[in-house]
Amino acid sequence: MDALTNEIFGGSLVVLLLALFIILCIFLAIRIVPQSEQHVVERFGRLKSVLGPGINFIVPFLDKVAHRVSILERQLPNASQDAITLDNVLLVVETSVFYRVLEPEKTVYRIRDVDAAIATTVAGIVRAEIGKMELDEVQSNRASLIARIKESVEGAVNDWGIEVTRAEILDVGLDQATRDAMLQQLNAERERRAAVTRAEGQKRAVELAADAELYAARQQAEARRVEADAEAYATGVVAEAIAKGGLEAVQYNVALEQVRAIAQVAKGQGSQTIIVPADAVDAFGKAFQMLKGRG
């Protein structure tokens with residue numbers, strides 16, 4: 001009875017241990033990888049596979065997850081490096097780089113410290129690119145400079161399974177001597193612009209004064225022309241009247257004017273004698289004849 005009990009107990013223990021072993025194998029075989037990671041699997045110290053996000057299976061006791069690599073975008077700490085431009089100006093350039101891992105097996109087996117390697121590469125490329133440009137080009141073509149740096153960094157880190165998503169130049173600093181020289185140049189440029197503005201204002205004032213004088217002269221000439229036209233028109237009317245037989249009317253008016261003038265002289269005080277011109281008598285006679293003819 002005891003032997004049978006021991007046999008049953010022993011068999012049950014074996015089954016229990018086997019079940020536990022199977023459960024352990026299943027637990028070790030199943031690997032759940034988060035969406036933001038990829039796992040590098042080794043078998044006897046050699047690369048076996050790369051597990052993507054989701055449920056994965058490996059061979060228990062043979063395979064192991066050696067590296068858990070985040071595939072999220074990363075940002076390197078801001079770095080500053082010295083650079084000398086083509087016109088020998090010392091700059092302090094502050095950069096920032098963003099990247100993400102595309103092939104974890106290359107990242108973990110080809111480079112030890114990926115962040116330090118990228119930072120060193122960026123520093124060298126920044127110095128090389130700025131050394132090809134003058135200071136004014138660095139200031140005005142920053143977008144083009146960033147694009148060239150990004151392209152060069154991408155080519156350099158391609159063997160590490162990395163994608164550089166963005167490279168930025170945060171600041172370009174100048175030494176004090178260069179700043180003073182640029183400030184003097186800026187002040188000189190401002191003074192030059194002010195002088196040009198004043199000269200243009202004076203030129204414009206002279207032009208406006210000349211335009212005003214020209215306009216006044218034109219108006220005066222136009223007034224004289226209108227007056228001359230009026231006089232010419234009046235003369236033409238008189239000439240036309242004379243040509244149409246109005247000579248007698250003209251003589252009559254002249255005679256009347258002479259009579260009125262003599263009458264005015266006669267009204268004056270102390271005038272006892274009136275001197276009448278010789279032709280006035282003829283004028284009076286003609287006037288009376290005209291009046292008689294009209295009557």
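The values are calculated or read from the model by the stated rules, or taken from the named source; none is laboratory data. Since this is a predicted model, take the numbers as computed values, not measurements. Cβ: placed from backbone, ideal geometry, glycine included. Neighbour counts: every protein chain shown.
Below are the figures for this structure:
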item: Tally, over the range 152-180, of residues that are over 26 Å from the mean Cα position of the chain (by Cα) and on the phi < 0 side of the Ramachandran plot; result: 18
item: Residue ID - farthest from ILE149 (Cα to Cα), chosen from residues in the range 53-74 that are surrounded by fewer than 13 Cβ atoms within 10 Å (Cβ to Cβ) and without any contact (Cβ under 8 Å) to a residue 60 or more places away in the chain; result: PHE61
item: Any hit, the range 159-169, residues being surrounded by fewer than 18 Cβ atoms within 10 Å (Cβ to Cβ), in contact with a Lys or Arg (Cβ under 9 Å, 6 or more places away or on another chain) and without any contact (Cβ under 8 Å) to a residue 60 or more places away in the chain; result: yes
item: Subset of the range 16-36 (residues that are in a strand (DSSP E or B), out of contact with any Lys or Arg (no Cβ under 9 Å at 6 or more places or on another chain) and surrounded by 12 or more Cβ atoms within 10 Å (Cβ to Cβ)); result: ILE30, ARG31
item: Selection count, the range 68-91, where residues are among the β-branched types (Val, Ile, Thr) and modelled with pLDDT of 90 or more; result: 2
